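To keep things clear, I will list the structure first and then write my remarks on it.
FYI, it's all coordinate maths here, none of it is from the lab. All of these numbers come straight from a predicted model, not from anything done at the bench. Here Cβ is always computed from backbone atoms with ideal geometry, including for glycine, and neighbour counts include all displayed protein chains.
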Amino acid sequence: MKTKLSPKFWLALTIFSLVGQVAWVIENMYLNVFIYDMFHASADDISTMVAASAIAATLTTIFIGALSDKIGKRKLFMCGGYVLWGISILGFGLIRTDILEPIVPATMSVATVGVSLVIILDCLMTFFGSSANDAAFNAWLTDSTDDTNRGSAEGINAMMPLVAILVVFGGFMFIPKEGNPAYWPTVFTIIGTAVLAIGVIGFFIIEDPELTPSETSYMRNIVHGFLPSTIKQNVSLYIYLACFIVFNISIQIFMPYLILYYEKSLAMADYVLIMAPAIVVASVVTAFWGKVYDKKGFNFSSAMSLLWLALGYIFLFFFKNTALVFVGSLLMMSGYLSGMAVFGAKIRDLTPVGKSGMFQGVRIFSQVLVPGVIGPKIGSWILRNADMITNADGTTSFIPNENIFLGALVAEVVAIVIILACKKPLNKKAENV
């Protein structure tokens, strides 16, 4: 029988997941555009920023996840983390050429200093965000659900990245960008204030699950998920995590450059209006797909997700026509988010009870660190010979091309091969779970 979850749980899940993902959209997609527009960042600069953030996210999740298990609390880290997260986002509004030019020595490049400051603040923002979202929120979600309702909850959680993209794109499309020096400060002020406010609201609506503080040492909790003995006891979990790594590498090959591809390569000035319907449909599909996982299991739900993703890559690689780009984007987004939902639900199902905080570090290692370092580097390598344009100030910028989707498809094929190769041991282990 399916365990019923309270309305307060669904409210907390929805607003914390949505606002958290809005903040991650700013970090994962808009910061790339920000340093490209403001400081003419290169593909290597963007790749470095993504990798540094991935490392910060992983270390933070490992240490804070273990700490939340040690003291048996999630709410404090979630709410306090969101408050600090919001404050750090507000800080990006101060990293602008008009502020830096008077204070940066003539011997130094304003662009170089600007990119460096953005990367440093991005890592700080990631520390607060990963403490609140990757470590505490995800552990809270695992603790608050069980194997009868986890797919449904994960479906809502997994659709939020797309809803967040829609919120950010739709919300800021009405603010003039070209020739508007107030654009970026406005973006960071609105998002930072929203994240901060949700942290405050959370103190009143979050229900802490009943947890027994871990009796093992804090250092033991930190390394628990990486110990050979832990891997041996949870082989099936780690096989799924390995597949999840390659799946996310595929996503990270193109994702840091996606907006730039639409905006610069396809010259889609109205890409928000074109992408909004695709995002809405993909979000609905993702929410529904979590329920499919609860009924049909991982094999069927993951196979369909990977098929949609592959078809999306193929459309985006071969076609430039607006209608076909829409179809490709819809398939890609549906495959990406539904895949995240089914992998996320399966990994939560296999996470040992009472140790979800300790295992968030392992999850983020698979979802963020390895993909965040390898994926963008592959994307940067693919774009090494990309066309260049000359900006008004004499600097140059690269133009992303469709080859990033071909690289992503190759990586996805590797993930499919791993899943098929491990199908028998996975099914065998699943029977014993």
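Side notes on the structure shown:
- Neighbour-count ranking [beta-carbon atoms within 10 angstrom, fewest first] of Asp45, Asp37, Asp147: Asp147, Asp37, Asp45
- FRET efficiency estimate (nearest 0.05) - Cβ-Cβ, Val413 to Ala197, R0 56 angstrom: 0.80
- The share of Cα pairs per 20 Å bin across the chain, counted from zero up to the longest distance, runs 26, 60, 14, 0 percent.
- Take every pair of alpha-carbon atoms less than 8 Å apart whose residues are at least six positions apart; their mean separation over the length of the range 267-374 yields a relative contact order of 31 percent.
- Using C-alpha pairs below 8 Å separated by at least 6 residues, the relative contact order for the chain is 28 percent.
- Cα Rg, Dmax, the range 148-201, angstrom units: 15.1, 52
- For the range 6-19, the Karplus equation 6.51 cos²θ - 1.76 cosθ + 1.60, evaluated at θ = phi - 60°, returns couplings of 6, x, 5, 4, 5, 5, 5, 4, 5, 6, 6, 5, 5, 5 Hz by residue, with Gly and Pro reported as x.
- Among the chymotrypsin sites (Phe, Trp or Tyr not before Pro) within the range 217-246, those in coil by DSSP and having at most 15 neighbouring Cβ atoms inside 10 Å are Phe226.
- Projected label distance in nm at Asp208 and Val327, using a 7 Å step from Cα toward the beta-carbon: 5.3
- Cut-off of 10 Å, at most 10 other beta carbons, DSSP loop: longest stretch of the chain lacking such trypsin sites (Lys or Arg not before Pro): 5-383
- Rg/Rg_globular for the range 208-328, with Rg_globular taken as 2.2 N^0.38 Å and Rg from C-alpha atoms: 1.48
- Contour excess over end-to-end distance, with Cα ends at Leu307 and Asp147 and 0.36 nm allotted per residue: 55.1 nm
- If R0 equals 51 Å, the separation of the Cβ atoms of Val104 and Cys422 corresponds to a calculated FRET efficiency of about 0.45.
- Label sites at Asp44 and Thr396, each approximated as a point 7 angstrom past Cα along Cα to Cβ, lie 1.3 nm apart.
- Straight-distance candidates among the aspartates and glutamates for linking to Lys4, with alpha-carbon spacing under 18 Å and chain neighbours fewer than 8 residues away dropped: Asp143, Asp146, Asp147, Glu154, Glu207, Asp208, Glu210, Asp294, Asp349.
- The alpha carbon gyration tensor of the range 363-421 gives principal lengths a ≥ b ≥ c with a/c of 1.5 or higher and a/b no greater than b/c, which makes the shape oblate.
- Loop sites by DSSP among the GluC sites (Glu not before Pro) of the chain, restricted to those with at most 10 other Cβ atoms within 10 angstrom, leave 216-433 as the longest stretch without any of them.
- Spherically averaged projected area of the range 103-147 from its Cα convex hull (nm²): 4.0
- Size of electric dipole in the range 1-136: Cβ of Lys, Arg +1 and of Asp, Glu -1, about Cα centre, debye, nearest 20: 1060
- Dividing the summed helix terms, -39500 (n - 2.57) for each DSSP H run of n ≥ 4, by the number of residues in the chain produces a 222 nm estimate of -24000 deg cm²/dmol to the nearest 500.
- Whole-Å distance, taken between Cα centres, linking the range 207-235 and the range 139-198: 30
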